[in-house]
Amino acid sequence: MTKKRISILGSTGSIGTQALEIISRVPGEFKVAALSAKANLRLLAEQVKKFQPGLVSVPTGQSARELRKKIPGSVKIVSGEDGLNQASSLKEVDLVLMALAGSAGLNPLLQAIEAGKNIALANKEPMVMAGEIITRGARKRGVRIIPVDSEHSAIFQLLQGKKKREISRIILSASGGPFRNLSRSRMAEVSVEEALRHPTWKMGKKISVDSATLMNKALELMEARWLFDLKPDQLEVIIHPQSIVHSLVETRDGALFAHLSVPDMRIPIAYALFFPDRPELDFPRLDLAQIRELKFEKPDLNRFPAIKLGFQALKVGGTLPAVMNAADEEAVSAFLFGKIGFNKIVELIAKVMSQHQPGESKSLKEILEADVWARKRAGELINA
């Protein structure tokens, strides 16, 4: 049997480590051809020794030299943006798992598409910034993008066998994060440690904070719009604190289809890795009799205004989504470093968006210029 050859960008993060765990459970199914990581060289070295990729990408020449001391000399080590591009477009690779954090994944994703590689996409920010360019390029090159986010994986699966004209609306579920029942005044006092303590999911720092502000749902609205070619008025958000229903699809006859599973990211990761197959894997099963009831509620847009910003970016389009994403990355970073309070994250994003004059987003140049502008303006507001 031919092994599926895979490149994992972001192998030491939450998604990357879980993907490698799945691969290790099914010996003979995959060949890890390339790995990339940003900072955790110790873990990266362990992964290289275990999975023996031919290529490894790290951020800098210094980190490349440090890694070389830890791993066999037969492995090729590359660095910088060019290194990421090499890892994402290796000739022998069948599938690229994009598990990088933030906008850093945009160029490697475009390079993978240009090389004709199928994508398992866990990195939502590039799709927010340049969804039209990405989806257009994927169609042109015959590339399949399989979403890894639990919500988008659910939608992807629910849409199988359905015609586009049959779809009435898509409902993205949100856990509500750790502060679903907190007042705005109490949220102003939230610490970094509290924001990183998600009630149902174990995630990286950036996405944990985004989940706490519900900005992750704003970003996911944009991602869903492009992944599934939807109109803004076809998208909704519902709060579902148990994180069991991962998203819903309604057809024009009123039927509502839901995707349910335990909140375990290995399930959507495995679906993307094995697609179009479904192997038998020893993951936890959902016991509906034990759960007994599922809870849903409308999002409180006064306490969580990030969702309003997502719909604004969705309707205005152009460069505004890229500005929203860039401002979010800068604001979350400032919060993590103690420069601003929790409530100031979304306030800062809203202020940057309100000061931007949206332009076209037909070219990468326009998008990157908007990204740079938003980061500069956010930085000025943070420092002020």
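The values are calculated or read from the model by the stated rules, or taken from the named source; none is laboratory data. All of these numbers come straight from a predicted model, not from anything done at the bench. So basically every Cβ, Gly included, is an ideal-geometry build from the backbone, and we count neighbours across all protein chains shown.
Summary table
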quantity	calculated
Complete set of residues in region 168-186 that are crowded, with 20+ Cβ neighbours inside 10 Å and not hydroxyl-bearing (Ser, Thr, Tyr)	170, 171, 172, 174, 176, 177, 179
Selection status of residue 262, in contact with a Phe, Trp or Tyr (Cβ under 9 Å, 6 or more places away or on another chain) and within 30 Å of residue 331 (Cβ to Cβ)	no
Check on residue 332, touching a His at 6+ places or on another chain (Cβ under 7 Å) and outside the structural domain of residue 222 (by TED's automatic domain parsing)	no
Helices (runs of 4 or more DSSP H) enclosed by region 138-215 - at least 2 residues per element that are more than 19 Å from residue 297 (Cα to Cα) and at pLDDT 90 or above	150-158, 205-213
Which listed residue, of 236, 250, 220, is surrounded by 20 or more Cβ atoms within 10 Å (Cβ to Cβ) and either in contact with a Pro (Cβ under 7 Å, 6 or more places away or on another chain) or not small (Gly, Ala, Ser) (or both)	220
Test: residue in region 115-127 that is in contact with an Asp or Glu (Cβ under 8 Å, 6 or more places away or on another chain), in contact (Cβ under 8 Å) with a residue 60 or more places away in the chain and acidic (Asp, Glu)	yes
Hits in region 347-363 (condition: in contact with a helix residue (DSSP H, G or I) (Cβ under 7 Å, 6 or more places away or on another chain) and within 18 Å of residue 316 (Cα to Cα))	349, 350, 351, 352, 353, 355, 356, 358, 359, 360, 361
Test set (1) farther than 16 Å from residue 125 by Cα; (2) assigned to a helix (DSSP H, G or I); (3) not charged (D, E, K, R) - residue 368 fails condition number	(1)
Sole residue being of a type in the set (A, V, I, L, M, F, W, C), in contact with a Leu (Cβ under 9 Å, 6 or more places away or on another chain), within 27 Å of residue 196 (Cβ to Cβ) and modelled with pLDDT of 95 or more, chosen from 331, 326, 374	331
Flag if residue 179 is closer than 26 Å to residue 322 by Cβ and out of contact with any Cys (no Cβ under 6 Å at 6 or more places or on another chain)	no
Those residues of region 111-137 which are part of a loop (DSSP other than H, G, I, E, B), hydrophobic (A, V, I, L, M, F, W, C), in contact with a strand residue (DSSP E or B) (Cβ under 7 Å, 6 or more places away or on another chain) and under 12 Å from residue 88 (Cβ atoms), in sequence order	none
Residues of region 302-329 that turn out to be surrounded by 21 or more Cβ atoms within 10 Å (Cβ to Cβ) and either of a type in the set (Gly, Ala, Ser) or part of a helix (DSSP H, G or I) (or both), as a count	16
Selection count where residues are touching a Pro at 6+ places or on another chain (Cβ under 9 Å) and in a loop (DSSP other than H, G, I, E, B), scope region 268-295	1
Residue tally, condition at pLDDT 95 or above and outside the structural domain of residue 217 (by TED's automatic domain parsing), over region 276-312	0
Test: residue 223 is under 24 Å from residue 178 (Cα atoms), in contact with a helix residue (DSSP H, G or I) (Cβ under 8 Å, 6 or more places away or on another chain) and modelled with pLDDT of 95 or more	yes
Residue 343 being in a helix (DSSP H, G or I), surrounded by 12 or more Cβ atoms within 10 Å (Cβ to Cβ) and modelled with pLDDT under 95	yes
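The rows are residues; the columns are (1) farther than 28 Å from residue 258 by Cβ; (2) assigned by TED's automatic domain parsing to the domain that holds residue 302; (3) among the aliphatic types (A, V, I, L, M).
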site: 101; (1), (2), (3): yes, no, yes
site: 106; (1), (2), (3): yes, no, yes
site: 130; (1), (2), (3): yes, no, yes
site: 138; (1), (2), (3): no, no, yes
site: 161; (1), (2), (3): no, yes, no
site: 179; (1), (2), (3): no, yes, no
site: 214; (1), (2), (3): no, yes, yes
